[in-house]
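J.: Quick one: structure below, then a few questions.
No lab work stands behind these numbers, since they all come straight from the coordinates. Nothing here was measured: the structure is a model prediction, and the numbers come from that model. Here the Cβ positions follow ideal geometry from the backbone for every residue, glycine too, while neighbour counts run over all protein chains shown.
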Amino acid sequence: MNLVDTIQENVAVAVTTLRTSKLRSALTILGVVIGISTVMAMATIVNGVQQQIVRTIEIAGPTTFYVMKVFSQTPLNPDALPKWVRVRPDLAEAEADLIASLPEVGYAAIWAQTLARLEYQGIRTQPTTLNGADDGFTEIMGGELVVGRWFTRNEMKAGANVVVLDETHARRLFGRVNPIGRTVSVGGRPCEVIGLYGPAQNIFTPPGAENGAIIPFRTMDQQYDIDKTNALFIPVKPRRGVTVEQAQEAVTVALRERRGLRPSDRNTFDLITQDQILDLFSQLTGAFFLVMVSLSSVALLVGGIGVMAIMMVSVTSRTREIGLRKAVGATRRDIMFQFLVESATLTGIGGVIGIVVGLGLGRLVSSAINATAATPLNQTLWAVGVSIGIGIVFGIIPARRAARLDPVEALRYE
């Protein structure tokens, strides 16, 4: 009998054994199912989030970069800033105008963000992202103006109380009523609705982080509190034919000259590229995934110990069967191989169930955060290998015990 036939026969024996002890088998593989499903769910979610981040960056364009007062991996507390941050001047609208005038730059404007509720006739939303920007908003964020218009130049200069609403939020507030020309409360301040904005379908916007409304930057600067350390920035797009490095060098030189920095002085601003943003999110999601893998490893360890315990019980209860097999010519190797295959089959089934459950949970959570999650093939293959490997590793001791049984004593066992 060749190896393939031997494996098939042992798998069939293992499945028959599992059927005769359904409850015991189910409890045994529960730990494996929990561990594998946790890993697969996290892998699916992380994969979906990373894909959405990449797509969002593609919307803005891989050449877009941002000027900020300071770039920090975690938002700084504006009420307790370290001294090296406090001494940096805030970004100014005039600096954005200077950058926009550079021959290497195709677009630049100063933007800001804050959170605000939208309200109309007693109906109001949860706090949502309020953007202070200009009529070039879609050039950076993608999407399109669905109906109405963007701000006029005079409205942007005067800081007029006008707003372009996200069409989803407008639907919640107005229902079937046409919102154009009506007055809505934006963070407690009345604004006339002049347009509806449809965001790009693949932009990474978890619930609560949608771009709920856009108002002129000067309106936000004059009437709202802005965290000028974390939420004030200048998006910059190089002119066609100009590289990111060339545009960044031009922006750096212009800002240093405007701020009167000497050659030995460090920059009092930071330039952030799309690659840096992607690297930051990759680090965050990678660390999150690593933590979840560590936690799921505990479940896998518990499952492996359960498999070993059940296989030890199985060896004891099948002592006469082992003795009979040895009496008709089965070698120690055959007996050991039989129990290893049975153990691997047990955990393999648990792994398959865990993969199905994990992928289902991952897709469910990904849908809830508007992320399109593809099946993580590498993690799927890894999960199958790990589950089978657990069965082999934790099945060695029971298998060796079965292989060492004396056939005469085994046949006498009651």
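J.: Just name one of 116, 89, 140: the one whose Cα is farthest towards the positive end of the charge dipole of region 70-268 (beta-carbon charges, Lys/Arg +1, Asp/Glu -1).
T.: My answer, from the dipole projection, is 116.
J.: Please order 315, 193 by the number of other Cβ within 10 Å, starting at the fewest. Display every interim value, and only then the final one.
T.: Values: 315 21, 193 24.
Final ranking by Cβ density, sparse to dense: 315, 193.
J.: May I ask what percent, to the nearest 5, of DSSP beta bridges between residues of region 70-268 are antiparallel?
T.: Numbers: 24 of 34 bridges.
Antiparallel bridges make up about 70 percent of those DSSP assigns within region 70-268.
J.: Beta carbons within 10 angstrom, averaged per residue: use that to sort the peptides 338-350, 235-247, highest first. Let's see the in-between values first.
T.: Details: 338-350: 25.4, 235-247: 16.8.
Highest to lowest by the protection proxy: 338-350, 235-247.
J.: Give me the lysines in straight-line cross-link reach of residue 83: C-alpha distance below 16 Å, same-chain residues under 8 apart excluded.
T.: Partners within reach: 69, 228.
J.: Which of 140, 355 comes first, and how do the rest follow, when ranked by fewest Cβ neighbours within 10 Å? Before the final figure, lay out the partial values.
T.: On the way: 140 18, 355 22.
Ranked by crowding around the Cβ, least crowded first: 140, 355.
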